[in-house]
Amino acid sequence: MRNVLPFLTLAALAALFTAGCAGPEEKLGLGVDNTFDIVRLGELRRSLEQTAVFDSPDVGYTTGFIHGVDRTLGRTGMGIFQIVTFPIPPYHPIATKYFAPEPPYPDNYKPGLLSDSLFDTDTQVGFSGGDVAPLIPGSRFRIFDN
């Protein structure tokens, strides 16, 4: 009987810590995604594009750049906050009034799957196209896109 009590305690703690971890997992993943926007520069590229299209090309590179840097730093700070507080509820996206829940891309670029043998298994031809370097403008190489 003395050996059963530590085992039951350990089992109860394991059940407590592993049950219902979808919320913290989603919050941590979204936090990492938001934090790396400073590397991906999605907000900056989108702000440049939207300002140049809707205001004028003259202010697209100045005002759009400043607005993009501001939004990039805001999204990165929000991501760091989500990473630090991922075990603590609430688990839904925060600041949705100011930022989209998912990190944005410019309207002129929608990423797809990378060309990799994991996703493209065309062994007869030897290659199957895809994005070679998706962050570098002009590097899109697509073959056999249906």
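The values are calculated or read from the model by the stated rules, or taken from the named source; none is laboratory data. Please read all numbers here as calculations on a predicted model, not as lab measurements. A quick note on method: Cβ atoms are made from the backbone with ideal geometry, for glycine too, and the neighbour counts reach across all protein chains shown.
For (1) more than 23 Å from the chain's Cα centre (by Cα); (2) at pLDDT 90 or above; (3) not in a helix (DSSP H, G or I), each residue gets a yes or a no:
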| position | (1), (2), (3) |
| --- | --- |
| 2 | yes, no, yes |
| 14 | yes, no, no |
| 32 | no, yes, no |
| 44 | no, yes, no |
| 52 | yes, yes, no |
Could you tell me whether residue 68 is at pLDDT 90 or above, surrounded by 16 or more Cβ atoms within 10 Å (Cβ to Cβ) and part of a helix (DSSP H, G or I)? yes
Have a look at 36, 119, 127 and point out the one that is at pLDDT 90 or above and surrounded by fewer than 17 Cβ atoms within 10 Å (Cβ to Cβ). 36
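Against the condition crowded, with 16+ Cβ neighbours inside 10 Å, under 17 Å from residue 105 (Cβ atoms) and not acidic (Asp, Glu), how does residue 79 come out, does it pass?
yes
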Condition first: modelled with pLDDT under 95, closer than 18 Å to residue 22 by Cα, assigned to a helix (DSSP H, G or I) and within 15 Å of the chain's Cα centre (by Cα). Can you find one or more residues in region 84-93 that meet it? no
